[in-house]
Structures are given as C-alpha cells and as structure tokens.
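Below is one structure, written out as structure tokens; the observations come after it.
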Amino acid sequence: MVAEEAEVLVVGAGLAGLRCAGVVAAAGRDVRVWEAGDEVGGRIRTDVVDGFRCDRGFQVLNPAYPELARSVDIANLRLQHFGAGVGVRREDDAVILAHPLRRPTRVPGMLAKRAVRPSDVVALVRWAYPALRPSALTANTGGDTTLLAALDDAGLRGELRRVVDRFLAGVLLDDGGSTSNAFALLLVRMFALGVPALPAAGMQALPRQLAGRLGDRVSTTRRVVEVSRDSAGWRVTAEDGAVARARHVVVATDTRAAAALAGTDPVPTHGVVTDWWASDREWPGPPMLFVDGRSGSRGPVVNTAVISAAAPTYAPAGRHLVQASALWGPGRPEPAETQMRAHAAEILGVDAGGWQPVIRHVVRDALPAQPPPLRTRRPNRAGAGLWVCGDHRDTASIQGALVSGRRTGAAVLRALG
C-alpha cells in the first residue's frame with residue numbers, strides 16, 4: 001500500500017482534532033484527519049432511532065462558551081433552549097428554581113413560596129460571587145480547593161445544597177465534590193451568561209459543521225495503531241494497513257488512546273449511563289432539567305428531562321423523548337433500566353408505564369476529571385513534530401476541546417514556519 005503524504009496528520013475527528021485541522025487548513029497548509037469511527041464527532045455522536053435523536057451520553061451546548069462563536073456558525077445549528085434554571089423534586093411537590101445570577105428578579109418569588117431559605121440564598125451567592133471575575137479563578141489556582149470544601153466554607157446547607165450538589169454532579173459527572181471549585185465556578189459563569197441548548201439536528205451537528213469545512217481531508221474507519229519516528233519525519237500506521245507519512249502528527253484522541261500513541265500520562269475520567277425512552281403522553285411541565293432534591297439516597301439518576309419539551313426536533317411529531325443519566329465507573333455497577341425508569345418518573349412526577357426504551361448509552365470516558373488546583377493549557381507538545389490535544393489538555397468541556405484544538409493548530413503552524 002502506498003503511503004499517504006501530508007504536512008500534518010491529525011489522529012481523531014472529535015472537536016479538538018477537527019478544530020486543529022481547521023486552523024491548519026485555513027492557513028493553506030496540507031492537513032489530513034484520520035478517524036477510527038464511522039463518523040466524525042468522537043464522544044459527540046447522535047444516534048437516530050425510529051425518528052428519535054439520542055446523543056451518546058446526555059449532553060447540552062452552552063452558546064456562551066467564548067470559543068464557540070470563533071469556531072462555528074452558531075445560527076446554523078438552530079439551537080433549541082432549555083429553561084434557565086432547574087426543576088427540583090421535593091418530598092410533596094416539585095418546584096422550579098430559576099438561576100439566581102441569570103434570573104435575579106425571580107429570587108423574591110422563590111423566597112415567598114419558601115422554595116429556598118434566605119440564609120441559603122446568601123450562602124449560594126457567597127460561593128458563586130467569584131464567578132463574576134473569571135480571571136481571578138484561573139490566575140489564583142494556588143488558592144483553589146475542592147467543590148465540596150468550597151460549598152462547606154460558604155455555609156450552604158439543606159435542600160438548596162442538595163440541589164446544587166446533584167445538579168453539578170450531572171454536569172461534572174462527580175457526586176463526591178472532588179472537582180476543582182475554580183472549574184465549577186467557571187461553568188456556573190457560563191450558565192449565568194447562556195442558557196443550555198440542543199442543535200436541531202442533534203449534538204453531532206457541531207462536529208459535522210467543523211468537518212464540512214475540511215471536505216475530503218477527513219477519512220473515517222481509519223483506526224491508528226502506531227505512531228513512530230523515521231528518517232523522513234513521522235510514520236502513522238492504521239489497523240487496516242494504511243500508512244501515512246507526515247512532518248507533524250497531532251494525536252487528538254481521548255486520554256487513554258493518547259497515552260498509547262503519544263506516550264503522554266493519561267488523566268482519570270468519569271463515566272455515565274444514559275437511558276432514552278419514547279412516550280406518547282403529553283408533558284405538562286416546563287422544558288427544564290430535573291434533579292432529586294429529597295434527602296437521603298433515592299436512586300441512581302442524577303438528572304432527567306423530557307428532551308422533546310425543549311428540543312421538539314428530537315422526537316417525531318406527536319411523540320416525546322425522555323432521558324435520564326446516572327454516574328458510572330469503578331465501584332458503581334451499571335444500573336438496571338427498570339431502576340433508571342422508576343427513579344426518573346419519580347423525579348418528573350409522572351407515570352412511566354407507557355415509556356418504551358429507545359436506546360442505552362454507556363460511556364466509559366465521558367469526561368476527564370478536573371481536580372484542584374485547576375490546570376488549563378496543559379503542554380500540547382509530546383516531542384519534535386508530535387502534538388497532543390483534547391479536553392484532557394485544557395478544561396473538561398466543549399470549550400476546552402475547541403480551545404485545545406485551536407492553540408495546538410497555531411503551535412503546529414509556528415513550527416512549520
């Protein structure tokens with residue numbers, strides 16, 4: 001087989017790899033992308049089952065991410081927004097808690113309805129206030145601590161503490177509070193600036209838009225098994241026997257594959273299980289993400305939502321799509337679908353008797369862990385002409401993946417001269 005030649009070969013067509021390749025291609029340099037899967041997107045994939053759009057592992061897109069507008073045409077995604085806040089299942093009822101930074105005028109109403117206590121609101125504002133100054137969060141990483149310790153220090157207690165804990169557990173895929181508090185506050189800032197949404201065609205519309213700009217430079221079903229140095233530069237070998245030679249190679253895979261191909265140290269990751277169900281019953285509630293605010297351990301679900309209430313394009317006309325997610329990993333057995341369904345129905349306050357399973361996603365390395373102190377801009381150079389990018393090299397988010405891809409692409413261009 002004749003070796004493919006390129007100035008730059010990017011291994012992996014996730015967000016980071018596609019963004020990196022786009023930066024290099026925009027400068028007029030010769031770049032190719034090899035992707036192991038049958039489609040672009042990496043961990044951001046959308047399965048269409050019987051007309052339902054089910055993203056692999058529940059995901060949302062926050063249009064407030066600064067890097068997003070620099071990377072894609074947001075209007076072309078036709079975003080469908082969730083409500084600004086969170087639905088909470090209580091002992092006897094459910095309540096909607098508006099985001100206090102985005103909807104401060106609704107706080108008095110929540111206090112009047114006894115949805116929250118004044119002392120808890122003060123504690124929450126005390127904890128969240130640094131989110132107004134993001135530069136201080138990233139500059140003073142030496143003062144960073146765990147999310148658990150920071151919430152304790154702020155004096156947040158009771159039901160509102162449970163809501164914050166369980167909401168962030170679904171965002172960070174960490175219910176132990178071991179995540180960097182600075183990172184959690186950066187995400188809180190994004191929730192204050194933008195309302196999470198879903199593209200009309202599913203989350204995979206984001207990487208597809210990036211890949212569309214690269215045309216035939218992207219090859220799928222090309223799983224790389226070896227990256228090695230030779231006299232001419234770098235030699236990349238795929239599982240199907242294909243070989244490429246390049247002056248520069250960018251490994252834009254998950255942290256495990258990057259460790260195997262580029263010799264970098266892998267970072268710990270969190271996993272998630274997401275179940276999707278179809279329902280014919282009309283949803284009377286708001287288009288919100290719901291969590292269980294009751295005391296004690298109630299079940300495996302960290303969040304649930306009637307997705308089609310916020311994103312009608314995710315379900316066929318007249319039908320509805322429900323999702324529920326649970327944390328998964330070492331020491332956490334995969335929960336049964338019946339457990340997930342029962343707990344999700346409790347949280348939403350509906351009868352799940354008519355729900356039909358659509359698909360289940362089990363994502364082992366869904367999100368890199370982000371312990372304190374917060375470390376952004378990890379080194380992206382693994383050797384002379386060998387680079388690594390991904391959300392495990394920046395912040396564990398779509399924002400981090402896009403930033404990592406852009407700055408790696410810029411570094412490659414500087415090296416090319």
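Coordinate-derived values only; no laboratory data. Please read these numbers as outputs of a predicted model, since none were measured by experiment. Methodologically, a virtual Cβ is constructed for each residue, glycine included, from the backbone with ideal geometry; neighbour enumeration extends over all protein chains shown.
Observations on the model:
- Within the chain, the longest run free of exposed loop sites, counting GluC sites (Glu not before Pro) that sit outside DSSP helix and strand states (H, G, I, E, B) and have at most 12 other Cβ atoms within 10 Å, spans 92-238.
- Under 14 Å from a label point set 7 Å out along the Cα-to-Cβ vector of A200, the amide N atoms of region 291-327 belong to 311-315.
- Using a simple spin-label model with pseudo-atoms 7 Å out from Cα toward Cβ, A384 and D230 lie 1.8 nm apart.
- The stretch between A69 and E239 holds 57.6 nm of extra length on full extension. This uses 0.36 nm per residue minus the Cα-Cα distance.
- All distinct Cα pairs of the chain go into the 1/r average, and the inverse of that average, the Kirkwood radius, is 22.3 Å.
- Every helix of 4 or more DSSP H residues in the chain counts as -39500 (n - 2.57), and over all residues that averages to -9000 deg cm²/dmol at 222 nm.
- Rg over Rh for region 295-366 works out to 0.97, both radii taken from alpha-carbon positions and Rh defined as the Kirkwood radius.
- Cβ-derived FRET efficiency at R0 51 Å, E282 paired with A410, nearest 0.05: 0.55
- Between G271 and W328, A366, the built amide H atoms are under 5 Å apart, and every one of these is 5 or more places off in sequence or on another chain.
- Per-residue Karplus couplings for region 306-318, computed as 6.51 cos²θ - 1.76 cosθ + 1.60 with θ equal to phi - 60°, are listed in order as 8, 4, 5, 5, 8, 10, x, 6, 7, 9, x, 4, x Hz, Gly and Pro entered as x.
- Distant-in-sequence amide H partners of T179 (H built 1.01 Å from N, under 5 Å): L147, L148
- Counting other Cβ atoms within 10 Å as a rough exposure proxy, the listed residues T269, T253 run T269, T253 from fewest neighbours to most.
- Only Lys, Arg (+1) and Asp, Glu (-1) charged, at Cβ; region 297-417 dipole about Cα centre in debye: 700 debye
- Estimated FRET transfer efficiency (E7, V122; beta-carbon r; R0 56 Å; 0.05): 0.45
- For trypsin sites (Lys or Arg not before Pro), the sites in region 351-383 that DSSP calls loop and that have at most 13 other Cβ atoms within 10 Å are R377.
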